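The values are calculated or read from the model by the stated rules, or taken from the named source; none is laboratory data. What you see is a predicted model, and the numbers here were worked out from it, not measured in a lab. Glycine also receives a Cβ, built like all others from the backbone with ideal geometry; neighbour counts cover every protein chain displayed. Side chains included, ligands, DNA and RNA excluded: accessible areas come from the protein's heavy atoms. Shrake-Rupley method; radii C 1.70, N 1.55, O 1.52, S 1.80 Å.
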Amino acid sequence: MTTKGLYILCISLVWAVYSFGQTRHNVWLRGTLGYGISEKLESDLEFQYRRQSGFDTKMPFRHDLMQSVRNWTRYRFSDRLFVSVSPFAYFKHYRVVTQQGDHIFKPSREFRFSAALTWKKEIGRGFEFINRGAAEYRIFNNGTDDVTRVRDRIGVQYGFENFSILVFNEFLANVAGVDRGHFVDHNRIGTQLEYRPKSQVKLRLGYLYIDRLPLKGETWLHENNMSFNFMYNFKTGG
């Protein structure tokens, strides 16, 4: 892919946030610091900050949406299979702004414990099939019952030089702690461009379209989300 092609792709991702006539427009920012403990064992410290549009505007930086800090520890059985465990994560959730005044409500807090298994398979020259399944136990401070949620992401990734492009779908379901009407949590359809300027640095630009049913809501929300991720690894392990 040429530089011109990458430029067109980035512009297309930005345009997608403001298209399709959707009412929700968000920006997701993530920074991750990684450390290779050994050749097979790695640990990450992840920080997230999300902003959302207001009641009367599509500008995605208008109000707070979410802040979090999370630790991941990952063990690689091979280059194609690894397991990840998050023994602790802290989230601060702000109310989704769907009507005037929603942004003044105090945020709720969540503690989360997660485990995930990721499997990759080469399906052609430069192409990989990627499947990531995970389970999460969520504890809230706002009177909501504890929730057990499962999620599964299926995608295809194409890599070339220092770049890779991922296209995926991720389905999230609540299997405990909610009524039957909230079994489906949300679904994500997305694409992501990754650039590796150095072996220790990764930059990711992505877009996600989400259909979501809030835990305390009865109306489905439709969201356009732009994501920007920065990752730095202090040591490669070994």
- Query: In the range 77-92, what count of residues is obtained for those that are within 24 Å of Asn26 (Cβ to Cβ) and either open to solvent by less than 40 Å² (accessible area, probe 1.4 Å) or acidic (Asp, Glu) (or both)?
  - Reply: 3
- Quick one: Ser38 ticks every box in (1) in contact with a helix residue (DSSP H, G or I) (Cβ under 9 Å, 6 or more places away or on another chain); (2) polar (S, T, N, Q); (3) open to solvent by 30 Å² or more (accessible area, probe 1.4 Å) except a single one, so which number is it? (1)
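Gly54: at pLDDT below 90, under 22 Å from Asn162 (Cα atoms) and open to solvent by less than 50 Å² (accessible area, probe 1.4 Å), yes or no? Give the derivation first.
Details: at pLDDT below 90: yes; under 22 Å from Asn162 (Cα atoms): no; open to solvent by less than 50 Å² (accessible area, probe 1.4 Å): yes.
Considered against the rule, which asks whether it is at pLDDT below 90, under 22 Å from Asn162 (Cα atoms) and open to solvent by less than 50 Å² (accessible area, probe 1.4 Å), Gly54 comes out as no.
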- Taking Arg74 and the conditions (1) more than 25 Å from Ile37 (Cα to Cα); (2) open to solvent by less than 50 Å² (accessible area, probe 1.4 Å); (3) out of contact with any Lys or Arg (no Cβ under 8 Å at 6 or more places or on another chain); (4) modelled with pLDDT of 95 or more, which numbered condition does it fall short on, given that it satisfies the others? (1)
- Query: Only one of (1) farther than 19 Å from Met66 by Cα; (2) in contact with a strand residue (DSSP E or B) (Cβ under 8 Å, 6 or more places away or on another chain); (3) open to solvent by less than 70 Å² (accessible area, probe 1.4 Å) is not met by Val167, so which one is it?
  - Reply: (3)
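Just need a number here: residues in the range 57-71 that are open to solvent by less than 70 Å² (accessible area, probe 1.4 Å) and either of a type in the set (A, V, I, L, M, F, W, C) or touching a residue at least 24 places away in the same chain (Cβ under 8 Å) (or both). Steps first, answer last, please.
Taking the range 57-71 as the starting set, the residues that turn out to be open to solvent by less than 70 Å² (accessible area, probe 1.4 Å) are 57, 60, 63-71.
If we keep only those that are either of a type in the set (A, V, I, L, M, F, W, C) or touching a residue at least 24 places away in the same chain (Cβ under 8 Å) (or both) too, we end up with 60, 63-71.
Total satisfying the criteria: 10.
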- Message: Just the residues that are in contact with a Phe, Trp or Tyr (Cβ under 8 Å, 6 or more places away or on another chain) and either touching a residue at least 60 places away in the same chain (Cβ under 8 Å) or within 19 Å of Glu223 (Cβ to Cβ) (or both), please, taken from the range 185-204.
- Response: Asn187, Arg188, Ile189, Gly190, Thr191, Gln192, Leu193, Arg204
- Search the range 197-238 for residues being among the hydroxyl-bearing types (Ser, Thr, Tyr) and at pLDDT 90 or above, and hand back the single one that is nearest to the chain's Cα centre (by Cα). Ser227
